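Reading through the structure tokens given below for one structure.
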Amino acid sequence: MESTGTVLRELRGAQKTSKGVSLYSRYVNRPAGRLLAAGAYRASLTPNQVTLISAGFTFAAIAAVALAEPSWQLGFLVYAGLAVGFAFDSADGQLARLTGRGGPDGEWLDHVVDCAKMILVHTAVLISFHRYGELPGEGWLLLPLGFLFVAVLTFCAGLLREQLGKAAARTAPVPAGPAAPVSSLRAVALLPADYGVFCLVFLLFGAPGAFRAGYAVLAAVHAVFLVAFLVKWFRELKALRAG
């Protein structure tokens, strides 16, 4: 079997484009996923097995949010579980590209886990607010529901944009031009919308007021990004029809 160093070099050549990727995913999550993918390759794991490992870390952390009383220690463990799960979420795709063992079933499983993660994490926050929050008012219970709506709509609309774009390219291929340079400014601007950055808010879980404030700020930022993304994706799809 190839050495870990050789596998890592091959994985570096099997990366997806950095276009539209935040600095966190580019410089933290993808490199961490690359190390995990190399370990998974050495352990003869399949990409789907790596996806299930990702789900295990993520859903265990989410369950802890809903079931345990908030504390600083719990917040750290929740953050660690979500961050490790996110890194494994990157590793499964990297392993699939390295081994050529990816397929529709793996892509489907990955998207199902991602969708479940988005639904459950905000549902868990809602349960935690209800059970332990000592909220200033019941209106705060609407916050996780709003964040849930924004997260799911962003995910579904983005996925549909991707699939419709691929379908349009198959029926009317557009000549490939030179690749656009990756914008560092855009990578910084996308940081607040990155799931890895969202996970950081759970480090405030031991201070309910600070957690609510941080969670509310992220919800507002994600709502702004949703509007911007919807406008952008609609225009891109309309341009495909015009072409």
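This table checks each residue for (1) in contact (Cβ under 8 Å) with a residue 40 or more places away in the chain; (2) under 20 Å from Ala43 (Cα atoms); (3) part of a helix (DSSP H, G or I).
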residue: Gln94; (1), (2), (3): yes, yes, yes
residue: Arg97; (1), (2), (3): yes, yes, yes
residue: His111; (1), (2), (3): yes, no, yes
residue: Cys115; (1), (2), (3): yes, no, yes
residue: Ile119; (1), (2), (3): no, no, yes
residue: Ala124; (1), (2), (3): yes, no, yes
residue: Glu134; (1), (2), (3): yes, no, no
Which one of the conditions (1) farther than 14 Å from Phe57 by Cα; (2) open to solvent by less than 40 Å² (accessible area, probe 1.4 Å); (3) among the hydroxyl-bearing types (Ser, Thr, Tyr) does Ser90 fail to meet, given that it meets all the rest?
(1)
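For the range 162-169, check the following and say yes or no: at least one residue is within 22 Å of the chain's Cα centre (by Cα), open to solvent by less than 70 Å² (accessible area, probe 1.4 Å) and either under 23 Å from Ser54 (Cα atoms) or modelled with pLDDT of 95 or more (or both).
If we filter the range 162-169 for residues that are within 22 Å of the chain's Cα centre (by Cα), which is where we start, we get 162-166.
Narrowing the set further to residues that are open to solvent by less than 70 Å² (accessible area, probe 1.4 Å) leaves 165.
From what's left, either under 23 Å from Ser54 (Cα atoms) or modelled with pLDDT of 95 or more (or both): none.
So far as the range 162-169 goes, no, none of its residues is within 22 Å of the chain's Cα centre (by Cα), open to solvent by less than 70 Å² (accessible area, probe 1.4 Å) and either under 23 Å from Ser54 (Cα atoms) or modelled with pLDDT of 95 or more (or both).
Table: residues versus (1) polar (S, T, N, Q); (2) surrounded by 24 or more Cβ atoms within 10 Å (Cβ to Cβ).
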residue: Leu52; (1), (2): no, no
residue: Thr58; (1), (2): yes, yes
residue: Ala64; (1), (2): no, no
residue: Ser71; (1), (2): yes, no
residue: Phe76; (1), (2): no, no
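The values are calculated or read from the model by the stated rules, or taken from the named source; none is laboratory data. Keep in mind that this is a model prediction, so the values were computed, not measured. When we count neighbours, we look across all protein chains shown, and the Cβ atoms used for this are built from the backbone with ideal geometry, even at glycine. Just the protein is used for accessible areas: all its heavy atoms, side chains included, with ligands, DNA and RNA removed. Shrake-Rupley method; radii C 1.70, N 1.55, O 1.52, S 1.80 Å.
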